[in-house]
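Notes follow once the structure below has been shown.
The values are calculated or read from the model by the stated rules, or taken from the named source; none is laboratory data. Note that this is a predicted model, so its numbers are computed, not measured. Positions of Cβ are generated from backbone atoms using ideal geometry, with glycine treated the same way; all protein chains shown enter the neighbour counts. All accessible areas refer to the heavy atoms of the entire protein, side chains included, with ligands and DNA or RNA removed. Shrake-Rupley method; radii C 1.70, N 1.55, O 1.52, S 1.80 Å.
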Amino acid sequence: MRQVGREGSAVQASGKVAIFDGHNDAVQHLAEYREGGRDFLMRSEEGHLDLPRAREGGMIGGLFAMFAGAEHPREGGVTRTADGYEVRLADPLDPAYARRTINAQLSALETMVARAGGNIRWARTVDEIEAAREDAAFAIVLHLEGPEAISADLDGLEQLYARGLRSLGPVWSRPNIFGHGVPFAFPRSPDTGPGLTDAGKSLVKACNQLGIMVDVSHLNERGFWDVAAISTAPIVATHACAHAICRATRNLTDRQLDAVKASGGLVGFNFSVSEVRPDAQRDPDIPIETVVDHLGYLVERMGDDHVALGSDFDGALMPLPVKDASHLPNLIQALRAHGFDDATLRKIAFDNWMRVFRQSWR
């Protein structure tokens, strides 16, 4: 069913490159989680990701983000400037609400996986990801995007780890007891405020000890440098792009990219048009070359051992050429045309994630 190379790389029997994706928000749309949601096991024309479209595109697994949105969403919040935009920073969450939300999302995922009858598996180790791939099952690794459901004394962290949590971002784009998320803005520096709190620094150390990967996506620049100074694991941004190409706050500066490389970490390339396009416009009608050129910059800056994919499917506006998971082969084909050989493509699509997981999960 699979061809496996000496380094453990895999090419699917169809010829597609096996892709492990570093970030998606499909949990927010599960029928098991919310009324009117989608059945992940059935193909849909809505959103970006479900099991049939993942298989069509060669995606064999990914980091699935649990995320508590605003309890009371606000109207507006976007200010247009002469050359860009600023989004009002989101309000902090009530911890009790966050705990209820995350527990509901995790229960929904567990129900969906059970209903899949072996076609989808939890993965808590790299060996489990590899085994799922060999058996043509889809592997889910649990990620927490903003740990508001965890208290300052870290109560709840070990319980989530026991239920499968293997990746955690100390913030989303809002403040919490652990640190300060970067607001959405363009053109603007990611240096937008204070770094990690004492509780945030303790959280990073606890994640290192347990074997939970720490994700610097959505963290402001000072928080990034706090993680770099504290963490004993590689620095990872599961879904981010290059600030040198698109000067959005969510993107990483060259100095940050260099630090990721020096740590042995990686950046999961984010497909979001507002972070990919040099002008940050919310217009999905961009050529695949724009996407490839941006990803190519990351590879040129950091090397092909330190770049992977972190699509942000079901959480952002996608470029039309990769409008959902079934269109991932368009990106692989364009990267080949750009001069990426098969060994490099396997690194970006799969192998780099496995290496970083092994180093982060102990």
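Find the accessible area per residue for the chain; the probe is 1.4 Å, ligands and nucleic acids are left out, and the unit is Å². Before the final figure, lay out the partial values.
On the way: 14080 Å² over 362 residues.
The answer is 39 Å² per residue.
According to the Kirkwood expression over distinct Cα-Cα pairs, how big is the hydrodynamic radius of segment 307-362, in Å? Spell out each step's value before the answer.
Values: mean 1/r = 0.0798 Å⁻¹.
About 12.5 Å for segment 307-362.
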GNM of the chain, Cα pairs under 10 angstrom: of VAL307, VAL227, VAL87, the biggest fluctuation goes to VAL87
Could you compute the net charge surrounding LEU89? Neighbours are other residues with a C-beta less than 14 Å from the C-beta of LEU89; K and R count +1, D and E count -1. +3
Of every hundred units of 1.4 Å-probe accessible area on the chain, the number belonging to carbon and sulfur atoms, as a percent, is 48
Taking one equal scatterer on every alpha-carbon of the chain, how large is log10 of I(q)/I(0) by Debye at q = 0.07, 0.10 1/Å? -0.26, -0.55
Compute a Gaussian network model of the chain, connecting alpha carbons closer than 10 Å, and tell me which residue from GLY268, GLY22, GLY164 fluctuates the most. GLY164
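Counting only protein chains, not ligands or nucleic acids, how are TYR85, TYR161 ordered by accessible area (probe 1.4 Å), most first? List each step's numbers first, then the result.
Values: TYR85 25, TYR161 60 Å².
Ranked list, largest accessible area first: TYR161, TYR85.
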So, with points 7 Å from each Cα along the Cβ direction, the ARG88-ASP285 label distance in nm works out to 3.2
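Using the Cβ atoms and a cut-off under 15 Å, what net charge is assigned to the surroundings of ASN208, where Lys and Arg are +1 and Asp and Glu are -1?
On the way: positive: ARG166, LYS201, LYS205, ARG358, ARG362; negative: GLU158, ASP215, ASP226.
So the surrounding residues net to +2.
If we count every other residue with Cβ under 14 angstrom of LEU196's Cβ, Lys/Arg +1 and Asp/Glu -1, where does the sum land? Each step should come with its number before you reach the end.
Working: positive: LYS201, LYS205, ARG222; negative: ASP198, ASP215, GLU221, ASP226.
Value of the local net charge: -1.
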Given LYS16/LYS347; LYS205/LYS347; LYS16/LYS323; LYS205/LYS261, the pairs whose alpha carbons are separated by over 22 Å: LYS205/LYS347
GNM of the chain, Cα pairs under 10 angstrom: of GLY211, GLY118, GLY200, the biggest fluctuation goes to GLY118
